[in-house]
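Right, one structure below, let's go through it.
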Amino acid sequence: MNKSSRLLLLSIALGGLTTGCTDEAQTKAQLDKYAATQAEKAEPKPMSIEEMEAHSAGGMQHSMPVSADGQMQHVMPAEPAGTHQSGMAEIGRRADDLPAPLNRTQAQRVSVDLYTDEIVAEIMPGVSYEYWTYNGKVPGPFIRARAGDQVEIHLSHGKPNVAGAAHSEHASGQHAAAGHSAHSIDLHAVVGPGGGAPLMQVEQGEAKSFSFKATHPGIYVYHCASPHVPTHIANGMYGMILVEPEQGLAKVDREFYVMQGDFYTSGNYGDKGLQAFSKEKMLAEKPEYFLFNGRVNSLSGDRALKAKVGEKIRLFVGVGSHIAANFHIIGGIFDSLYQYGAIMNPPLKNVQTTVIAPGSAVMIEFTAEVPGTYLLVDHSLTRAIDKGALAELIIEGPAQPALYKPIGQ
């Protein structure tokens, strides 16, 4: 490793020990200025959805495997950016927003386009927060490759082809003060220094690329690794990458993508208005919110996970930020649990709850047997009941009285 690479790795590591440019007071001042600017723009008319989307729209990555004859297959985004009734961007990624299982036997080149974006969005109704994102959603896009593939990661700081609109309210110095003058990516599926991060420190307006060979099948986390690293992660810069084995995965009927994150706001859970990031709470590991896919109720109601009786379901569940999860489905038992992302190992059978470490992931498979609404929770239940770590799985189909019924009716 050359001297500059060593210095870069050292600066990334030391980012966790220094206050750097993420001081809470500076962050709050930037958010207050942003809110005031938006309020001024809203008079005499509110900002249109189109204007908001110019600042904050995001979608899936373009995953472009190249066939043996050189043809590049372009997979378009699965979900366009949505909005809340408030007009703010929808920050949460849907659980079914992931690429289909691979259906090929040869290694190929897979190209993944990512961009970074800072977006003010609702963390719950009436409560907004500035998220830092990959492709405008939390978590970032689900990346899918096969063992033996050559994977190319292309990362731009800011949404491409928007002529700087994503940063129109910030000068470069303000970006530095807010702590996001640079972004990067560290993929746990990469065998190489920093998981790619030393090669991918992308300054405002820049774009960089690197490639790696996917050699180890598994389900892995990726995240930003620019100083101050914990802050970038806590603000939403994480996602997952699946490296399928050469023979592929067994067929299932449904796949879902769920990531738990902890969020640190200056106000208490539910306090209204634009909330600043609290570095003090993060350092004390006292989050106000534990969330699946970016916000309260991101995976509930019309965004719930849905399946039918008799269908086999596969869940990819990870922890993007700093505190381990205790993942459980109330009323469900995991037929097969692949711990630590080790999908090549024999699974554990008939598991009730699993601990998922920060920066780790699991693969869960089970069959939907009885119709109804099931709750996905962190079984440290104050996190689910009082801090947001709650989602719904709706199973539709005929009743199964042989398995589940009341007595005396």
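The values are calculated or read from the model by the stated rules, or taken from the named source; none is laboratory data. The structure displayed is predicted, hence computed values, not measured ones. Every residue, glycine among them, receives a Cβ derived from its backbone with ideal geometry; neighbour counts consider all protein chains shown.
Which members of the stretch 344-365 meet the condition of being buried (at least 21 other Cβ atoms within 10 Å of the Cβ) and under 21 Å from residue 250 (Cβ atoms)?
Hits for the stretch 344-365 are 361, 362, 363, 364.
Out of 234, 197, 214, 225, report the one residue that is modelled with pLDDT of 95 or more, more than 30 Å from residue 101 (Cβ to Cβ), crowded, with 20+ Cβ neighbours inside 10 Å and out of contact with any Pro (no Cβ under 7 Å at 6 or more places or on another chain).
Only one candidate qualifies: 234.
Condition check ((1) assigned to a loop (DSSP other than H, G, I, E, B); (2) over 15 Å from the mean Cα position of the chain (by Cα); (3) modelled with pLDDT of 95 or more) across all residues:
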position: 107; (1), (2), (3): yes, yes, yes
position: 112; (1), (2), (3): no, yes, yes
position: 115; (1), (2), (3): no, no, yes
position: 120; (1), (2), (3): no, yes, yes
position: 123; (1), (2), (3): no, no, yes
position: 131; (1), (2), (3): no, no, yes
position: 141; (1), (2), (3): yes, no, yes
position: 145; (1), (2), (3): no, yes, yes
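What number of residues within the stretch 265-287 are over 16 Å from residue 121 (Cβ atoms) and crowded, with 23+ Cβ neighbours inside 10 Å?
Count: 3.
Just to verify a result, which residue in the stretch 190-208, among those that are small (Gly, Ala, Ser) and assigned to a loop (DSSP other than H, G, I, E, B), is farthest from residue 321 (Cα to Cα)?
Going through the qualifying residues, I end up with 205.
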